[in-house]
Amino acid sequence: MDTMDLRRRDLLISSATGLIVLGCDDGSGTTTITNNGTNNGTDTNNGTDTNNGTDTNNGTDTNNGTDTNNGTDTNNDNNTNNGTPTRRPPTTAEETIRGVLLETEQWEDLRPQFGKTTTKPGEPHIERDDINASSASDGSTQSLNSLAYFVQVTDIHIVDEESPARFIHSTFASSSAWRPHEAWSTQILNAAVRTLNKFAAIRPMDFVMFSGDLIDNKHFIELKWFIDVVEGNTVDPNTGDPDDDPTGVPPELNPHLPFQAEGFVPEIRWYASIGNHDLLAGGNLGSLSSLLDPTGDTPTNLPTQQLDSSAVPPTCLDTPPCWDREDDGHEYCYSQEPDRCYVPPDDSWYDGDYVVPDDRRHYITRVEWMQMIMDSTNNGPQGHGFSQENIDENRSYWADAEPIAGRPIALITLDTSYDENSLTANASGRLDEDQLNWLEARLQEFTAQNKLIIVVSHHPSDSISGGVGKQPLRQLLHEYPNVVLHIVGHGHKNKVYPRPAPQGLNVWNGYWELQTSGLLDWPQQMRFLEIVDFGDGTGAIYSTMVNMEIPEGDIAEAGRFYSLVHVQEGVDSSDGMGTNGDEATCGENNEGCLDRNIIMRVAWPPDMLDILESLTPRPVETLNFIAGRRTGD
């Protein structure tokens, strides 16, 4: 068996400083929540964002971790079986998938346990009232009505790992320049689609929202693979030499071979928004991408460690990597289970300087990206949010006044990435004045129509440093009380940012900003969301995290295994799960689960009350998730 004399931190490529930060933001912006649930206004971003001290909350948080809402299963959709609710696929309310070892950096002598997972009891839905919404209740008996039931999937990062226009040796993107699980990006998305189809078979969600970074490196072939998976086409996740597939693994476990994708069932409608990796080379380079040749035969090798790469041929080793430890003379190897393609342990294994060229790797422009999304017609809605107007105006933000038929919900999606032709482009967010003015016009329009408004952007507001910055965006969302939710991605971890009404505004001018972890990286989850009216002047946004359902022996098992290895080796320093995500349980005060399964209270503006009261009642799907919770080992 081949062994390598590598120290634990030899696998960690990092640097404290640099001019370019590649990939996604690390989500370092934090929200401080005290034990009584108040928000002390310290929504900070490296200690610089005090939000002018305006996001204050003098209310009391009723966060006692109890499963409220009368515990009643009101959902009669497909509830056959003599009146017994049909069993849903498992959510993290029923059971969680956790590492055998904690999802944090581990010692090298524990490598035989790296990547292994086990099933744990479910996590409770924790009520949060950081914006003091419950104070708007009129005291009447609650009568629950589902207004919107949808799913956020973000940061999918379909990647052509063989592309020469990558930076796998970058010292400034150690966790995302090369990932051991990246060869399985299409199979991971396929597992997510299969899981969503199972939920839709019982009750179709109103829509699925892909909130940016559908692909990794703005390549045509990457977006084609994404569309092939969601459409259920044959996917051939290989470029360059069609005969370079490794032979050290059975064909059914080889992530580089063609497979028949699941494809969304017709009942699933999906939308898409654009992220920095969809528009910028490496998620970071605008006009400077001209320095790279994505279709050529030479890997990136510029005179800087920031932009350095090697050829990455499809590789499956004969045995799992092992390490000799000099102090005890023992050999520590990754587990042989699950059966899988054994990939190299880190990017230093790759040192080739020739790539088989492939024209399908060519960069696509913003217009081409939008057109490819619009041309996917197997599922609705037409254009998936985009229209010919977006093409004609080269504008990648859009709005839908009625994403859910018969429900007073409007959807607004922003483009917070730098322009693809910008010399100063980088991975952080940017919002210009033109887009902010467009947003205000849409907010005025939908508020006048008495619609509750969901805003989507790839970047969290803390990451929007370019253009007008984050404060004008937050201020604008606060000015329109019909805004209830701002959903974001980019940070690859679960985070909740309460945005209480600034001083002088009413409680219903508060909203929630919600960041979801990326699909490619651990914990590889999706967020199910449901906006519910309580019938007393208030409501709630229910959030439920859902793992991909991966059967034993499925090829996607390896993608899950290596995503956890990436964390336990200490390369991916964020476990993605959110507050205290490395804890095996939620903790005595639920402090470990405040960003995942939660019930975020909201207050409705008075002009919406009659509209909501007139709606036909619709059952709350999340109550079935709560009812299925498993609390014991």
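Rounded to whole Hz and in sequence order, give me ³J(HN,Hα) for the range 521-536 from the Karplus expression 6.51 cos²θ - 1.76 cosθ + 1.60, θ = phi - 60°, writing x for Gly and Pro.
Per-residue couplings from phi come out as 9, 3, x, 6, 10, 10, 10, 8, 10, 9, 9, 10, 8, 8, x, 10 Hz.
Rounded to the nearest 10 Å², what accessible area does Trp349 show when all protein chains are kept and the probe is 1.4 Å?
110
Write down the accessible area per residue of the range 216-285 in Å², having rolled a 1.4 Å probe over the full set of protein chains.
31
So how compact is the range 222-301: Cα radius of gyration and Dmax in angstrom?
16.3, 47
To check you understand DSSP bridge types, tell me what percent of the beta bridges within the range 454-611 (both residues inside) are antiparallel, rounded to 5.
75
Among the lysines, select those whose C-alpha is under 20 Å from the C-alpha of Lys495, and discard any that sit fewer than 8 residues away in the same chain.
Output for Lys495: Lys470.
Would you calculate the separation in nanometres between label points at Asp243 and Thr118, each defined as 7 Å from the Cα along the Cα-to-beta-carbon direction?
Going from the Asp243 label point to the Thr118 one covers 4.8 nm.
Between the alpha-carbon centers of the range 341-388 and the range 525-539, tell me the distance in whole angstrom.
The two parts, judged by their Cα centres, are 34 Å apart.
How high is the FRET efficiency from Ala441 to Leu505, r the C-beta distance, R0 22 Å, rounded to 0.05?
E(calc), rounded to 0.05, equals 0.60.
For Tyr342, enumerate residues with amide H under 5 Å from its amide H, sequence gap 5+ or separate chain, H modeled in the peptide plane.
Amide H neighbours of Tyr342: Leu317.
Just how large is the dipole of the range 131-267 about the Cα centre, in debye to the nearest 20, putting +1 at every Lys and Arg Cβ and -1 at every Asp and Glu Cβ?
Here the range 131-267 has a charge dipole of around 600 debye.
Distance between Cα centroids, the range 398-446 to the range 273-296: provide it in whole Å.
When both Cα centres are located, 21 Å separates them.
Cα centroid distance between the range 601-616 and the range 470-487, in Å?
A separation of 19 Å, based on Cα centres.
At a threshold of 8 angstrom on Cα-Cα distance, excluding pairs fewer than six apart, so keeping six or more, what relative contact order does the range 278-319 reach in percent?
About 20 percent, as a whole number.
Under 5 Å between amide H atoms, partner at least 5 residues away or on a different chain: which partners does Ala148 have, H built in plane at 1.01 Å?
Distant-sequence amide H within range of Ala148: Ile531.
The values are calculated or read from the model by the stated rules, or taken from the named source; none is laboratory data. Here the structure is a predicted model, which is why all the values come from computation and not from measurement. All Cβ positions, even for glycine, are placed from backbone atoms using ideal geometry, and neighbour counts span all protein chains on display. To get the accessible areas, we keep the full protein, side chains included, count just its heavy atoms, and leave off ligands, DNA and RNA. Shrake-Rupley method; radii C 1.70, N 1.55, O 1.52, S 1.80 Å.
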